[in-house]
Amino acid sequence: MRVWISILLLALASFSFSLQAKEAAPLAQDEAVEKRMVAISSELRCLVCQNESLSGSNAELANDLRREIRTLISDGKSDNDIMDFMVSRYGDFVRYRPPLKGTTLLLWFGPALLFIGGLVALVLYLRRRNLAIRDTPLSAKEQQQAEHLLNVKVSGK
Amino acid sequence: MNRFLWPLIGFAVLVVLLTVGLNLNPRDVPSPLVGKPAPLFSLAKLAAPDQTFSPKDMLGKVWLLNVWSTWCVSCRQEHPVLVEMAKSKMVTLVGLNYKEVRGDSNIDSDKLSADAEMKMALERSSTWLRKHGDPYSLSVLDLDGRVGIDYGVYGVPETYVIDKAGVIRLKHTGPISPDAFSGKILPLLAELSR
C-alpha cells in the first residue's frame, strides 16, 4: 500500500514538474538575455499603465517592447544603446530615473529645496518665539499664592 | 493679521497648483520625435497589398499620419472629424493601421499564420472603412506594431503632422476633437503649406 502511495506521489510530482518546465520554456531560452531584459525593463516606465514598470506590466505594448529589448540584446546592443533606443522614441518620461538636465533640475532638487526651506522656517520661528518669551519675576503677592498652592496638604486617605 | 496671512497664502498656492496639476493630461507625454525626420518604413497598402508605401513618397507635401485600428474605441469617436477633414480637402491623410489583428484581445493571433493574419487584417479594416467612410488617401498595415514602436505610439489613435521636408512637426495623442483640429492642427497646416 505504502509503496503505491509513494509511487503515485512521485508521479504527481514529476507531472507538475513537467508542467512548470513547459510554462517556463520561453524564459529559459537564454537566461542571460532574459536577466538583462528584466534589469533594463525595470528601469523603464510602461506608457500605457504609467505607474507600472515595463518588466511588470501586462499591457500589450509592454509585451512588444520587451520582445524588442530581447531582439536588441541578441543583436549585441549595450544597455546604454537600448536606453537610447527607448528614449529617442518615447522621451525621458520612459525612464524612472530621468537624466539630470535643465528641465529636470526642479525634479531632482525640489524635495531637498523644500526640506531646507522648511528647516529655515522652523529655526526662524523657534528663535522668534524664544525672543518673545520674557522672564518676568513674580510679584510678592504671586509668590505667596504659589507657595500657598504648593504647600496645600493633600487631605484624606 | 500676519497670523492669518501666511496660511492663507499657502492655501492659495496649493489651490493654484492643484488646479493646474489636476487639469494636465497625464497621457499627453511630449514626443521626442517632434522636430525630427519621420522614421522611414515600407508597409503594404491596404488598397493594394502587393504595393508598399514609404514616407519618402510624400516628400514635398504636408501630410498627416493617423494611427488607427478597428478595435480602437476612441478611433470611432475621432472618425467623423477625420471624414470632415478629408471632405474639406485641406489635408492629405495617411492611415497607419496599427496591429489590426494582434491588438484585438478577442482574437488568439498566435494561432494564425502570417498569410491568415494579413488576410484577416485586410478584410476587417476595409470593411470598417466601407461602413464608416474612408478619409484616408491611403492606409498601410502595421501588423506587428514595429513601425508603431519607431513612432513612439503608445495608444491609438495618435496623429503626426509631417512637413514638406519629412520632419514631424506635431504629435497629437488621443482622438482629434473638432476644436483641436481647428485650433491646433489647421493653423499649423496653413503655416507649413506656405
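Counting only residues that are modelled with pLDDT of 95 or more and either small (Gly, Ala, Ser) or part of a strand (DSSP E or B) (or both), how many does the range B:1-19 have?
1
Checking the condition in a helix (DSSP H, G or I) and either aliphatic (A, V, I, L, M) or touching a residue at least 12 places away in the same chain (Cβ under 8 Å) (or both), which residue from B:Leu40, B:Leu33, B:Leu22, B:Leu64 passes?
Only one candidate qualifies: B:Leu22.
Output the qualifying pairs, or none if there are none: Cβ atoms under 7 angstrom, residues six or more apart or on different chains, first residue in the range B:136-158 and more than 11 Å from chain A (Cβ to nearest Cβ) and more than 20 Å from B:Leu93 (Cβ to Cβ), second residue of a type in the set (A, V, I, L, M, F, W, C) and surrounded by fewer than 22 Cβ atoms within 10 Å (Cβ to Cβ).
These pairs meet every condition: B:Leu143/B:Met118.
So, of the residues in the range B:41-74 that are within 16 Å of the chain's Cα centre (by Cα) and of a type in the set (A, V, I, L, M), which turns out to be farthest from B:Lys131 (Cα to Cα)?
Among those residues, the one meeting the criterion is B:Val62.
Considering only residues that are among the aliphatic types (A, V, I, L, M) and in a loop (DSSP other than H, G, I, E, B), look in the range B:67-98 and name the one that is nearest to B:Ser139 (Cα to Cα). If you could, list the steps in order and put the result at the bottom.
To start, the set of residues in the range B:67-98 that are among the aliphatic types (A, V, I, L, M) comprises B:67, B:73, B:81-83, B:85-86, B:90-91, B:93-94, B:96.
Filter again for in a loop (DSSP other than H, G, I, E, B), leaving B:90-91.
Working: B:Met90: 18, B:Val91: 15 Å.
Filtering the range B:67-98 for residues that are among the aliphatic types (A, V, I, L, M) and in a loop (DSSP other than H, G, I, E, B), the one nearest to B:Ser139 (Cα to Cα) comes out as B:Val91.
Restricting to the range A:65-84, name every residue that is without any contact (Cβ under 8 Å) to a residue 24 or more places away in the chain and either within 9 Å of chain B (Cβ to nearest Cβ) or among the charged types (D, E, K, R) (or both). Steps first, answer last, please.
The first filter runs over the range A:65-84 and keeps only residues without any contact (Cβ under 8 Å) to a residue 24 or more places away in the chain, leaving A:67-68, A:71-72, A:75-78, A:80-81, A:84.
Answer for the range A:65-84, where residues must be without any contact (Cβ under 8 Å) to a residue 24 or more places away in the chain and either within 9 Å of chain B (Cβ to nearest Cβ) or among the charged types (D, E, K, R) (or both): A:Arg67, A:Glu68, A:Asp75, A:Lys77, A:Asp81, A:Asp84.
Here are the criteria: (1) of a type outside the set (Ser, Thr, Tyr); (2) more than 19 Å from B:Lys45 (Cα to Cα); (3) away from chain A (no Cβ under 14 Å); (4) more than 16 Å from the chain's Cα centre (by Cα). Tell me which single one B:Ala121 does not satisfy.
Of the numbered conditions (1) of a type outside the set (Ser, Thr, Tyr); (2) more than 19 Å from B:Lys45 (Cα to Cα); (3) away from chain A (no Cβ under 14 Å); (4) more than 16 Å from the chain's Cα centre (by Cα), the odd one out for B:Ala121 is (2).
Name every residue in the range A:73-99 that is of a type in the set (D, E, K, R) and in contact with a strand residue (DSSP E or B) (Cβ under 9 Å, 6 or more places away or on another chain), in order of residue number.
Going through the range A:73-99, the residues of a type in the set (D, E, K, R) turn out to be A:75, A:77, A:79, A:81, A:84, A:89, A:92, A:95, A:97.
A:Arg95 - this is the single residue of the range A:73-99 that is of a type in the set (D, E, K, R) and in contact with a strand residue (DSSP E or B) (Cβ under 9 Å, 6 or more places away or on another chain).
To keep it simple, each residue is scored yes or no on (1) farther than 28 Å from B:Arg27 by Cβ; (2) at pLDDT 95 or above; (3) of a type in the set (Lys, Arg).
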{"residue": "A:Gly76", "(1), (2), (3)": "yes, no, no"}
{"residue": "A:Asp92", "(1), (2), (3)": "no, no, no"}
{"residue": "A:Arg97", "(1), (2), (3)": "no, no, yes"}
{"residue": "A:Thr104", "(1), (2), (3)": "no, no, no"}
{"residue": "A:Phe115", "(1), (2), (3)": "yes, yes, no"}
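Select, from A:Glu31, A:Glu68, the only residue that is over 26 Å from B:Ser31 (Cβ atoms) and of a type in the set (D, E, K, R).
The conditions single out A:Glu31.
In the range B:63-104, which residue that is away from chain A (no Cβ under 14 Å), polar (S, T, N, Q) and over 18 Å from B:Ile149 (Cβ atoms) is surrounded by the fewest Cβ atoms within 10 Å (Cβ to Cβ)?
It comes out as B:Ser88.
Looking only at the range A:50-61, which residues are at the interface with chain B (Cβ under 10 Å from one of its Cβ atoms) and touching a residue at least 12 places away in the same chain (Cβ under 8 Å)?
A:Ala59, A:Glu60, A:Leu61
Given A:Arg128, A:Arg97, A:Arg89, which one is touching a residue at least 12 places away in the same chain (Cβ under 8 Å) and either under 30 Å from A:Leu47 (Cα atoms) or within 14 Å of chain B (Cβ to nearest Cβ) (or both)?
Of A:Arg128, A:Arg97, A:Arg89, the one residue that is touching a residue at least 12 places away in the same chain (Cβ under 8 Å) and either under 30 Å from A:Leu47 (Cα atoms) or within 14 Å of chain B (Cβ to nearest Cβ) (or both) is A:Arg97.
Filter the range B:137-165 down to residues that are among the hydroxyl-bearing types (Ser, Thr, Tyr) and crowded, with 22+ Cβ neighbours inside 10 Å and give me whichever is farthest from B:Leu65 (Cα to Cα).
Step one: list which residues in the range B:137-165 are among the hydroxyl-bearing types (Ser, Thr, Tyr), which gives B:137, B:139, B:151, B:154, B:159-160.
If we keep only those that are crowded, with 22+ Cβ neighbours inside 10 Å too, we end up with B:139, B:151, B:154, B:159-160.
Working: B:Ser139: 9, B:Tyr151: 10, B:Tyr154: 15, B:Thr159: 6, B:Tyr160: 5 Å.
Across the range B:137-165, the extreme among qualifying residues is B:Tyr154.
So, in the range B:105-129, exactly how many residues are of a type in the set (Lys, Arg) and surrounded by 15 or more Cβ atoms within 10 Å (Cβ to Cβ)? Please lay out each step first, then the result.
As a first pass, look at the range B:105-129 and keep what is of a type in the set (Lys, Arg): B:111, B:119, B:124.
Right, trim to surrounded by 15 or more Cβ atoms within 10 Å (Cβ to Cβ) and you get B:124.
The number of residues fulfilling the criteria is 1.
Out of (1) of a type in the set (A, V, I, L, M, F, W, C); (2) within 13 Å of chain B (Cβ to nearest Cβ); (3) touching a Ser or Thr at 6+ places or on another chain (Cβ under 7 Å), what's the single condition that is false for A:Val38?
Among (1) of a type in the set (A, V, I, L, M, F, W, C); (2) within 13 Å of chain B (Cβ to nearest Cβ); (3) touching a Ser or Thr at 6+ places or on another chain (Cβ under 7 Å), A:Val38 violates only (2).
Against the definition (among the β-branched types (Val, Ile, Thr), within 14 Å of another protein chain (Cβ to nearest Cβ) and under 15 Å from B:Leu43 (Cβ atoms)), how does B:Ile107 come out, yes or no?
Here the answer is no, as B:Ile107 does not meet what is asked.
Enumerate the helices (runs of 4 or more DSSP H) found wholly within the range A:55-157, keeping only those where 2 or more residues are in the same structural domain as A:Met37 (by TED's automatic domain parsing) and surrounded by 10 or more Cβ atoms within 10 Å (Cβ to Cβ).
A:60-74, A:79-90
The values are calculated or read from the model by the stated rules, or taken from the named source; none is laboratory data. The structure displayed is predicted, hence computed values, not measured ones. Backbone-built Cβ (ideal geometry, glycine too); neighbour counts: all protein chains shown.
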